[in-house]
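So the structure is just underneath, and the comments pick up after that.
The values are calculated or read from the model by the stated rules, or taken from the named source; none is laboratory data. Since this is a predicted model, take the numbers as computed values, not measurements. Quick reminder, even Gly has a Cβ in these numbers, built from the backbone with ideal geometry, and neighbours come from all protein chains shown. These area figures cover heavy atoms from the full protein model, side chains too; ligands, DNA and RNA do not enter into them. Shrake-Rupley method; radii C 1.70, N 1.55, O 1.52, S 1.80 Å.
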Amino acid sequence: MLLFVVHPVGFADPFDRTLPPPQIVAVIPSRYDATRLPGKPLADLAGRPMIEHVYRRTAAARGVDAVVVATDDERIAAAVKGFGGIVMMTGSAHRTGTDRIAEVAAKLPCEIVLNVQGDEPLIEPETIEAVIAPLIADPMLEMSTACVALLDRSDYANPDVVKVVKDRAGRALYFSRSPIPHVRGRDSGSGPFKHLGLYGYRRTFLLKFAALPQTPLEQVESLEQLRALEHGYRIHTVETKYDSIGVDTPEDLERVRRQLLAGTVRT
């Protein structure tokens, strides 16, 4: 059984301007009214709400100075405060999670903002650290994300599993719900890769990105990261060995519960 010391959730308030400003802040957008699984942020997983699992795993990543949940729901806010987390109430009219995060980022004095999906209760701290690393290494880089080798062939054709293709330098070429790349004949070993919904941004770029108009490919694929590519911005993609389960359906929730009960993942 994998043992994991739970990281304390207490951080200095990143909005307090009397304190030294944090450099890296992770923001977790969280909505109650999900179409396929309403109330999923508060779904019980091994005795804790799902949002707490996401928060604690994010807090365990080295380099993260603060974690904030961004929500428009008082029930989620109460749950976060209940386990000692930091929460900011946001507007209810946001089109995307990025828009919600940008509202929070506008009030933060930090350099880097992480977008950690609120429905990824098994996200590995090491994956978050990997997304931070290129932003630290390259001051000109504006956006980063993560991918993992797609080993389950059934996921290749699953439109709920987003695929990414990238160039030799790790820059994303395209994201799609369709099976990409198309493997004709012998597999070249260059994919496919599953995209993990985790992003790092320069704060200044995030505010600019959220203000950009939506683009045709973004709308047809329903993938907001394509907005950045269509507007000519670069997204650096790091490969990780850690897969994760995005909880979108009751079946996904049960898969996570089974893994937690089996002790095959960190809790």
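Points to keep in mind about this one:
- Debye log10 I(q)/I(0) at q = 0.18, 0.28, 0.29 Å⁻¹ for the stretch 21-82, Cα point scatterers: -0.65, -1.23, -1.27
- Result for the chain in a Gaussian network model with C-alpha springs under 10 Å: among THR215, THR18, THR145, the largest mean-square fluctuation is at THR18.
- Global dimensions of the chain from alpha-carbon coordinates: Rg and Dmax equal 17.8, 61 Å.
- Its Cα gyration tensor gives the stretch 1-117 an equivalent ellipsoid; the semi-axes, largest first and in whole Å, are 21, 19, 12.
- Using alpha carbons only, the radius of gyration of the stretch 127-260 set against its Kirkwood radius gives Rg/Rh = 0.97.
- Ratio of Rg to Rh for the stretch 121-196: 1.00 [Cα atoms; Kirkwood radius as inverse mean 1/r over pairs].
- Simple spin-label estimate for ALA133 and ASN158 gives 2.7 nm between the two label positions (7 Å along the Cα-to-Cβ direction from each Cα).
- Nearest-0.05 FRET efficiency for LEU151 and GLU230, computed from C-beta distance (R0 25 Å): 0.25
- Relative contact order, percent, the chain [alpha-carbon distance under 8 Å, six or more residues apart]: 23 percent
- Percent accessible area from carbon and sulfur atoms, the chain, protein chains only, probe 1.4 Å: 53 percent
- The stretch 1-97: relative contact order as a whole-number percent, Cα under 8 Å and 6+ apart: 32 percent
- Expressed as a whole percent, the proportion of Cα-Cα pairs in the stretch 72-193 lying more than 20 Å apart is 59%.
- Quarter the surface of the alpha carbon convex hull of the stretch 191-264 and you get the mean projected area, 7.1 square nanometres.
- Spin-label model distance (nm) - ALA106 vs PHE205, 7 Å beyond Cα toward Cβ: 2.1 nm
- Cα-projected label distance for THR35 with GLU126, points at 7 Å along beta-carbon direction, nm: 3.5 nm
- For the stretch 93-211, the solvent-accessible area with a 1.4 angstrom probe is 43 square angstrom per residue.
- Spatially, the stretch 219-258 and the stretch 155-175 are offset by 10 Å when compared through their Cα centroids.
- For the chain, modelled as a GNM whose springs connect Cα atoms under 10 angstrom apart, the maximal fluctuation among ARG31, ARG184, ARG95 occurs at ARG184.
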